[in-house]
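In what follows, a single structure is set out as structure tokens and then discussed.
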């Protein structure tokens, strides 16, 4: 009986042992199969890692591209680029424009002579110059919030250029010393044969001037001991020659270390460091007295740029040519993203919340009122009819909630006042 039971146990263990061996062989096969696949995937990952290392070497170049280092743009950009693929503008949406009007009381300009022919002739920072031909006199107003306050009067002078440099105000070629709440007195004159066209502050002592019909920029330093400006040097944006003799650099706008301007049909930017540097490496980049610069965008038909504004996002430039056509250009990419065909050049009143994608509207004067102009063609509309005899002159303020403050004149009452409108 014992031998019979042992043989029975042996007979039962043989199949079990065979099953285990088969299972081991099957598992071994799976391991060999998937280990080869894992090895292949590891090789692929190594290859991808090598490619990524190659891409990393290009990242600094890409970052430089993002901050605005460009190659020269072609002389003529095709109008078909107006619809940029980088900006998906919203479909046309009708939007009613609700406008609230606020007229400031006479006390703001209490000391100014009444006149019906005031026109804005110059503006810089929070100061604005108005001129009356009938009075043959200019008045300087100081902008304070949504108000304009009389600051000074210059008799028998038409102030055509106005610049603020530290505690000095430059009207045409006359330099005045002023401190808020104190005397306003002339201290010197600029020694330029031509009239000034534009200028920007580089630092409290150094100022950049540009002359009429001239693409040359003059760097001057204020000498406190001699109470006058001393010319340091001059550099150009164009090669000197008969062809470029009457090309002026206008619409100078400083943003950080860069300056933007227009020269004829070109929109240009350059680094201000070239004007003040003593670094030999940077000086070596200045060839024939021309500042290294980038041409952001050319007017397609080579018409002169009449006006240039920088949008609040400091990304988009609003360029208007001599026909009144407006082009919105991405200053980093050098590409137009929107275009509006106007009838004639006009002043644009821009709210601080202007955005080419979400709020692409500005105000312009049309007929006897203000009209909403949609620069992106999204369908926004709106208008405000002005009272009889009221004319809008110049924007003096903007709010983030769609408010725009405009210096205006009532030709009937001969009063200057500010008009605040809001685009809801």
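None of the figures in this text is laboratory data; all of them are computed from the coordinates on show. It should be emphasised that the depicted structure is a prediction, and the values quoted were computed from it without experimental measurement. No Cβ is skipped: glycine too gets one built from the backbone with ideal geometry, and neighbour counts run over all protein chains shown.
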Q: Provide Rg and Dmax in Å for segment 86-422, with only Cα atoms included in the calculation.
A: 20.8, 62
Q: Would you order 169, 42 from fewest to most other beta-carbon atoms within 10 Å of each residue's own beta-carbon?
A: 42, 169
Q: Using a Förster distance of 60 angstrom, determine the FRET efficiency expected from the C-beta separation of residue 313 and residue 38, and round it to 0.05.
A: 0.75
Q. With a ≥ b ≥ c the root eigenvalues of the C-alpha gyration tensor of segment 286-325, is it rounded (a/c under 1.5), prolate (a/b larger than b/c) or oblate?
A. oblate
Q | Ascending count of other beta-carbon atoms within 10 Å, so fewest first, for 266, 381, 191, 147 | A | 191, 381, 147, 266
(Q) Please rank 139, 264, fewest neighbouring Cβ atoms within 10 Å first, as an exposure proxy. (A) 264, 139
Q) How many nm separate the modelled label positions at residue 184 and residue 223, each set 7 Å beyond the Cα in the direction of the Cβ? A) 2.8
**Q.** segment 248-305 and segment 183-233: distance between their alpha carbon centers, rounded to Å
**A.** 19
Q) Using the alpha-carbon centroid of each, what span in Å lies between segment 145-173 and segment 117-136? A) 9
